[in-house]
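Every number in this text was worked out from the coordinates using simple rules, so none of it is lab data. Values in this document were obtained by computation on a predicted structure and should not be read as measured data. Positions of Cβ are generated from backbone atoms using ideal geometry, with glycine treated the same way; all protein chains shown enter the neighbour counts.
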Amino acid sequence: MFFEGSEKKVEIVVTAAAADLRRRPRAFWTELVSRCNATILSELHNEQLDAYLLSESSLFVWDDRILMITCGEITLVDSVAFFIDAIGRDRIAMASFQRKNEYQSHLQRTCFDQDMARLNQLLAGKAYRLGHLDGHHNYVWHMDKPFAPPTDDITTELLMYHIEGPAAQYLRSDKQSADGIAELLQLEQLFPGFAFDQHLFEPFGYSMNGIRGDQYITIHITPQEDSSYVSFETDLDIAAECPQLLQQLIAILQPSSFDLITFNTTPRLTPPPNMVCVAWQQQPLACGYQVEFRHWLSQAEHAQAGLQLS
């Protein structure tokens with residue numbers, strides 16, 4: 001059974017005139033999600049943040065911004081268009097859209113060029129490709145408008161492929177449970193003080209949102225052996241709060257390759273000794289973010305592919 005775990009992501013910040021997004025009725029968010037053919041499975045709230053676990057990944061809502069991540073064949077741009085039409089183009093302070101290369105791109109309903117064309121009809125923007133075209137890469141589009149993000153507006157994304165070892169075996173077994181996966185990933189130890197919302201899909205697959213104050217973490221696992229994919233994302237200052245976090249996740253899941261994508265942060269990552277960095281790119285964005293992309297590959301796969309270090 002194939003499922004496309006590779007994700008599309010949008011983040012939109014609104015002006016003061018459109019703030020208090022969390023006061024919008026739940027029906028608004030239900031409609032937003034339905035526009036790309038997803039549904040809300042469960043939700044988590046605190047005084048600063050709302051987190052919705054979706055049939056295809058996650059939606060986070062603050063007073064002045066949203067973050068939505070989707071996987072599968074979802075057409076996220078449909079939800080972006082709904083949001084911008086509802087809020088008003090003149091009330092959008094910043095917008096960015098990401099899409100990584102898929103395992104089976106021919107099954108997608110759109111390609112990045114089509115997404116970009118539609119986004120540019122909504123808001124004038126610029127786009128970049130991070131990474132090698134014939135390897136793992138990530139597309140980034142952003143609204144072409146000056147924006148000054150707060151100093152704590154940072155993001156770390158760890159995207160892992162072809163997981164192996166005991167954790168992978170458990171994630172593909174019929175003995176797994178949501179609590180068992182949380183224990184396997186050491187969520188309580190790694191993220192103290194967070195409240196968690198998690199969902200186990202049939203026959204397998206796992207999603208988790210975690211929130212603490214205005215901070216979030218999210219993990220999505222597609223464990224299928226031929227196309228396994230695990231994404232981890234957070235706005236935590238990993239270097240300050242949990243400097244070994246990325247290494248621990250990699251040690252647990254044992255991917256044969258992984259990406260690290262960061263916005264305005266440089267968390268420490270010492271990769272396993274059998275991994276080599278085959279792509280590294282830094283790109284300043286006009287909307288105020290410095291994005292960095294790195295891709296690591298196991299030495300065995302690197303030798304087999306005959307890739308050149310960059």
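Values as computed for the structure displayed
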{"quantity": "Candidates per trypsin sites (Lys or Arg not before Pro) in region 28-133, loop by DSSP, up to 15 other Cβ within 10 Å", "calculated": "109"}
{"quantity": "For region 133-138, 3J(HN,Hα) per residue [Karplus equation, 6.51 cos²θ - 1.76 cosθ + 1.60, θ = phi - 60°, Hz, x = Gly/Pro]", "calculated": "5, 8, x, 5, 8, 9"}
{"quantity": "In nm, spacing of pseudo-spin labels at residue 85 and residue 111 (7 Å Cα→C-beta vector)", "calculated": "2.6 nm"}
{"quantity": "Net charge, residue 251 excluded, C-beta distance under 15 Å - Lys, Arg +1, Asp, Glu -1", "calculated": "0"}
{"quantity": "Exposed-site-free run, longest, the chain (rule: GluC sites (Glu not before Pro); DSSP loop; at most 14 other C-beta within 10 Å)", "calculated": "48-163"}
{"quantity": "J(HN,Hα) series, region 164-170, from Karplus relation 6.51 cos²θ - 1.76 cosθ + 1.60, nearest Hz, glycine and proline x", "calculated": "9, x, x, 5, 4, 4, 5"}
{"quantity": "Approximate spin-label separation residue 16-residue 283, in nm, with each point projected 7 Å along Cα-to-Cβ", "calculated": "3.3 nm"}
{"quantity": "9 Å beta-carbon shell around residue 62, net charge (K/R +1, D/E -1)", "calculated": "-2"}
